[in-house]
Amino acid sequence: IMKIIILLILTKCGISGDKGDPGDQGDDGMKGEKGDKGDPGMDGANGANGLDGEAGDPGPRGDKGDPGMGDRGPPGMKGDRGPRGFKGARGENVVIKRSSFSVGLSPSKSFPPPGFPVKFDKIFYNGENHYDVNNGKFNCSIPGVYLFTYHVTVRNRPLRVALVVSGVNLILVKLISGDQVWLETLRDWNGIYASSEDDSTFSGFLLWHLNKIKQ
Ligand SMILES: *[C@@H]1O[C@H](CO)[C@@H](O)[C@H](O)[C@H]1NC(C)=O
């Protein structure tokens, strides 16, 4: 509310003169007192969107899911053949193949039962264990040509003896792995005898081996 200051100017009585010219405009009045605070204005328009905030920390790991439904699927297809492997290391230069035995009969084994392998039970040499002292048979492990010899003392009875290799009587024989060789007396002609002075022996030697042929 503006306060208006009215200035009255008094004059002497008398004949009224002509009305004077309007006076000059007075000086500006003093500054009024501060008015009361006005009413709040209306809401302004929305401001522009702010910048994106920084990414938050990862949340905790979730629980394991439930097993899937339905039957197990069929097996997948066979994979492709892998690449060829590296060449193997060079083999050993020489492999010496040995096979030999020499065995004798102890006195208590004189007159062995005919029709069976003679069980020579005294081992002079059986380094590779190819002669089986339990059944009197030599079992071939290295295919090759073998020489078999036997020397028997005959006493009291006649003797017929045979070197048996799968039913064939031979001295120099070509054997394959698994062939078995033994000495056998025939029927009742079993006069093989052994004592401290008289020996009966059976020996076999690999002369040379034959490389295995692919079957
Ligand atoms: C004989 O030797 C071969 C070759 O080593 C082996 O496979 C076989 O089992 C042996 N046979 C016997 C009765 O020992």
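Data overview
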read-out: Approximate spin-label separation LEU207-SER177, in nm, with each point projected 7 Å along Cα-to-Cβ; value: 2.3
read-out: Likely footprinting exposure, ARG90, ARG160, fewest C-beta neighbours within 10 Å first; value: ARG90, ARG160
read-out: Additional length obtainable on full extension of the chain from ASP199 to SER106, 0.36 nm per residue less Cα span; value: 32.7 nm
read-out: Exceeding the 22 Å Cα-Cα cut-off - candidates LYS97/LYS122; LYS109/LYS137; LYS137/LYS174; value: LYS97/LYS122
read-out: Alpha carbon centroid spacing (whole Å) that separates the stretch 172-215 from the stretch 43-115; value: 49
read-out: Proxy reagent accessibility, fewest Cβ within 10 Å first, across TRP208, TRP189, TRP182; value: TRP208, TRP189, TRP182
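Quick note: the coordinates plus some simple rules give every number you see, no bench work behind them. Predicted model, so just to flag it, every value in this text is computed and none were measured. Heads up, the Cβs are rebuilt from the backbone with ideal geometry, glycines too, and the neighbour counts pull from every protein chain shown.
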